[in-house]
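Heads up, the thing below is written out as structure tokens.
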2 protein chains.
Amino acid sequence: MKQEFLEILSVKTETKIVFLIIDGVGGVPVDGKTELEMANKPNIDNLCKDSICGIMDPIAPGITPGSGPAHLALFGYDPLIYDIGRGLLSALGIGFDLKEVDTCARGNFCTIEDGIIIDRRAGRISTEKNEGLCKILSEIKIEGIEVFVLPEKEHRFVVIFRGDDLSSDLSDSDPQVTGVPLSDVFPKTEDAKKTAEIVNQWISEVRKALASQYPANMVLLRGFANYLKIPSFLELYKLSSCCIATYPMYKGLAKLVGMDILDCGETLEDQIKILKENYPSYDFFFFHIKQTDKKGEDGDYEGKIKAIEDVDKIIPDILSLSPDVFVITGDHSTPALLKAHSWHPVPLLIYSKYCIPDGITKFSERDASKGSLGRFPMQNLMSISLAYAKKLMKFGA
Amino acid sequence: MKQEFLEILSVKTETKIVFLIIDGVGGVPVDGKTELEMANKPNIDNLCKDSICGIMDPIAPGITPGSGPAHLALFGYDPLIYDIGRGLLSALGIGFDLKEVDTCARGNFCTIEDGIIIDRRAGRISTEKNEGLCKILSEIKIEGIEVFVLPEKEHRFVVIFRGDDLSSDLSDSDPQVTGVPLSDVFPKTEDAKKTAEIVNQWISEVRKALASQYPANMVLLRGFANYLKIPSFLELYKLSSCCIATYPMYKGLAKLVGMDILDCGETLEDQIKILKENYPSYDFFFFHIKQTDKKGEDGDYEGKIKAIEDVDKIIPDILSLSPDVFVITGDHSTPALLKAHSWHPVPLLIYSKYCIPDGITKFSERDASKGSLGRFPMQNLMSISLAYAKKLMKFGA
């Protein structure tokens, strides 16, 4: 269903939807069992008996998604239409308070000798060193615009150019190889000419400012991106929505779609407390769990099982609020065996008093694949959830 | 997933993919069981236990495919975009070495009396007679171009016009009914005017050359088609690929997508030998089995079961090579009961060490339909296979 139709059909109601997003929840078997199959999770499995299950492809069958497009799909947006550039994701990842006029790029500190790049990561300088260098670069002034330079980890940083009529239709200055000079930044469209001049001017100031900072004596920029203008949850779905997440990037993604970002601590208990306090105030709750994805990326099979078991313990707290629609799924799979995001479809459970329980009694990749929701594109989850919350009017007479 | 994305996401790796295409593998029950359900195929069923299954629609639900579009779908091309004209398929079918400048048409020898078509198939003349007539027609010279006339079976032949700036935007000379005169060939576009003149000139020379050959005293042309320019496996998927097939048409289809065509004999043992010899040299192997389709088209239920059992015997040979991804499926169904290609979805098995075995223990239409891959368009098989071979990068950050 195209989002335009949802905008027409959706209505404001009193019902509430909770999305419990267990990041990277899907796995593949190690000694015959996946992390979900090994985990002792009586609460989720019990809920399964009153729910419907299925599996979802975040982008398309076989495609491994990044966190940006996977979350857009969860939220009902076509991830092939709304493209989150690398620079934007980095800015979201450090929790930078982006404005619509911002153009962002991902940066590396690098080493040059006689104008030639000899190390694209400046020997992987420490994050502390990086922080000092970002302070130096923040001193550079360009007339008519503001520039923000903020550290990520090791050699990585984000630069944000803020000003009117800036465009991200720019080529990278990072040639992605060593042994060659830096590239100039070229405009890809007429509209981007001014921005290219500004960025190149900034880069030439950087060269002077870092001249004595060997090995981090230059920067490489890539993935220029504008703030993504995207219709909000309120416009599209009439939902007042909030985000309960501990990691900056997910807060940033939620902010993109117009959610309120609720301050919460670091633990699941903190997150539950915030959910309970704010439950009367919103229609939609994006509750994000990071630990599962982290353990998956570390290749920590046991750790991921434990993380799933920890999530299971908060299920009664969520159910005590009696959400009208309760969705448990992930944004993508992160099998410990692969130590990375993967292309495997993601198991899903939807609880509502209007569902026809499909006989699935355990929540796992294999069990969910036999559920009545079948296998479908993740982008459809939002319309299905709105339906079970009785938030969609009839189509046609 | 659009192929453009695969072109961006695909990477060259050391992993290997084998597609075992059992042509027309799907059937419908005779006395309650399909050919696959009746066949004794312990090796395939055993592999099933470590694999994932599903069923695929070659074109769309309910649509019976020809071999051309079915194979394009298997290879990841949208069969509704890449249209293999009848003339092109005929040229591929006889193993003609097509060039990009060629325009092909399917021909019938027919009988005319006083300029009126009285038999569109010239009494179904013998293939031997056809061969003699094609030799006569090959003598006709048209200035500035080359014309090739090659026999198919009985009254059918292929004509290939080779020259610069030829177009296939032409109407048929075959009115598809008797009792009327031949149609002239008309250009459908301005660009095709020259080609229409050339073809009409050739047809008028044919009329003279065949005047004394009653009942095969004229020809009807239809399905004009140019060589199909199609992005190759190497461009799209970074795959060095080869075809191990015994029938010319499948070699022709493989050549269209840029595969190397390996010489092999007529038997399954010959094909296996060629696979083993060439295994180190390629990333992708298209291994085509014709016998199943042939038996299905003959309505030979028992023969098709036997053909499936023969294929089962070569499975250990293929597994001994340890392919990273091993796909067993067909291009379409050819139920013996129907004696023809059919619209039924095609069962599929994918083996990889990264799959989550879905509990399907027998390879058949009914069993595969319960597998975790669900039911999906055949065109997606390629991206799924590339994913399991770890040949696709992450989409988005």
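The values are calculated or read from the model by the stated rules, or taken from the named source; none is laboratory data. Computed from a predicted structure; not experimentally measured. Quick reminder, even Gly has a Cβ in these numbers, built from the backbone with ideal geometry, and neighbours come from all protein chains shown.
Out of A:54, A:62, one residue alone is under 25 Å from the mean Cα position of the chain (by Cα), more than 7 Å from chain B (Cβ to nearest Cβ) and either farther than 24 Å from residue A:92 by Cα or not in a helix (DSSP H, G or I) (or both). It is A:54. Considering region B:352-378, and only residues there that are surrounded by fewer than 23 Cβ atoms within 10 Å (Cβ to Cβ) and within 24 Å of the chain's Cα centre (by Cα), the residue that is nearest to residue B:74 (Cα to Cα) turns out to be B:377. Hey, does region B:365-374 have a residue that's among the polar types (S, T, N, Q), in contact (Cβ under 8 Å) with a residue 40 or more places away in the chain and out of contact with any strand residue (DSSP E or B) (no Cβ under 6 Å at 6 or more places or on another chain)? Scanning region B:365-374 turns up no residue that is among the polar types (S, T, N, Q), in contact (Cβ under 8 Å) with a residue 40 or more places away in the chain and out of contact with any strand residue (DSSP E or B) (no Cβ under 6 Å at 6 or more places or on another chain). When B:310, B:263 are screened for being without any contact (Cβ under 8 Å) to a residue 12 or more places away in the chain, surrounded by fewer than 21 Cβ atoms within 10 Å (Cβ to Cβ) and not small (Gly, Ala, Ser), only B:263 passes. Just one of the listed residues (A:236, A:321, A:220) is at pLDDT 95 or above and surrounded by fewer than 20 Cβ atoms within 10 Å (Cβ to Cβ), and it is A:321. If the condition is being in a helix (DSSP H, G or I), β-branched (Val, Ile, Thr) and more than 16 Å from residue B:205 (Cα to Cα), then region B:125-166 contributes only B:127.
Would it be correct to say that residue B:212 is without any contact (Cβ under 8 Å) to a residue 24 or more places away in the chain, part of a loop (DSSP other than H, G, I, E, B) and within 26 Å of residue B:84 (Cβ to Cβ)? It is false that residue B:212 is without any contact (Cβ under 8 Å) to a residue 24 or more places away in the chain, part of a loop (DSSP other than H, G, I, E, B) and within 26 Å of residue B:84 (Cβ to Cβ). When B:219, B:311, B:325 are checked against the criterion of being among the hydrophobic types (A, V, I, L, M, F, W, C) and not assigned by TED's automatic domain parsing to the domain that holds residue B:70, B:219 stands alone in meeting it.
Quick check, is residue A:274 crowded, with 20+ Cβ neighbours inside 10 Å and not assigned by TED's automatic domain parsing to the domain that holds residue A:95? Criteria not met by residue A:274. Taken over region A:277-307, the criterion of being surrounded by fewer than 23 Cβ atoms within 10 Å (Cβ to Cβ) and closer than 14 Å to residue A:242 by Cβ is satisfied by A:277, A:278, A:279, A:280, A:281, A:282, A:283. Picking from B:261, B:274, B:314, which residue would you name as being β-branched (Val, Ile, Thr) and more than 21 Å from residue B:324 (Cβ to Cβ)? Exactly one of B:261, B:274, B:314 is β-branched (Val, Ile, Thr) and more than 21 Å from residue B:324 (Cβ to Cβ), namely B:261. Out of region A:65-90, which residues are facing another protein chain (nearest Cβ under 8 Å), in contact (Cβ under 8 Å) with a residue 24 or more places away in the chain and not small (Gly, Ala, Ser)? Correct list: A:65, A:79, A:83, A:84, A:86, A:89. Restricting attention to region A:1-36, the residues being of a type in the set (A, V, I, L, M) and part of a loop (DSSP other than H, G, I, E, B) number 3. Taken together, the residues in region B:1-32 that are more than 22 Å from the chain's Cα centre (by Cα), of a type in the set (D, E, K, R) and within 14 Å of chain A (Cβ to nearest Cβ) amount to 2. If you take the residues in region A:27-58 that are touching a helix residue (DSSP H, G or I) at 6+ places or on another chain (Cβ under 6 Å) and of a type in the set (Val, Ile, Thr), which one is farthest from residue A:17 (Cα to Cα)? Out of the qualifying residues, it is A:30. Exactly one residue out of B:19, B:5 is of a type in the set (Phe, Trp, Tyr), over 15 Å from residue B:367 (Cα atoms) and buried (at least 21 other Cβ atoms within 10 Å of the Cβ): that is B:19. Between B:386, B:392, the distinction of being crowded, with 23+ Cβ neighbours inside 10 Å, more than 24 Å from the chain's Cα centre (by Cα) and at the interface with chain A (Cβ under 10 Å from one of its Cβ atoms) belongs to B:392 only. Looking at region B:38-53, can you tell me whether even one residue there is out of contact with any strand residue (DSSP E or B) (no Cβ under 8 Å at 6 or more places or on another chain), at pLDDT 95 or above and β-branched (Val, Ile, Thr)? Within region B:38-53 (the criterion being out of contact with any strand residue (DSSP E or B) (no Cβ under 8 Å at 6 or more places or on another chain), at pLDDT 95 or above and β-branched (Val, Ile, Thr)), the answer is no, since none of the residues qualifies. Among the residues of region A:84-110, those that are more than 12 Å from the chain's Cα centre (by Cα) and either hydroxyl-bearing (Ser, Thr, Tyr) or in a strand (DSSP E or B) (or both) comprise A:102, A:103, A:104, A:105, A:106, A:107, A:108, A:109, A:110.
Remark: residue B:381 falls outside the filter, which requires a residue to be more than 8 Å from every other protein chain (Cβ to nearest Cβ) and touching a Ser or Thr at 6+ places or on another chain (Cβ under 6 Å). When residues in region A:303-348 are screened for being more than 14 Å from chain B (Cβ to nearest Cβ), under 25 Å from residue A:29 (Cα atoms) and acidic (Asp, Glu), 3 of them pass.
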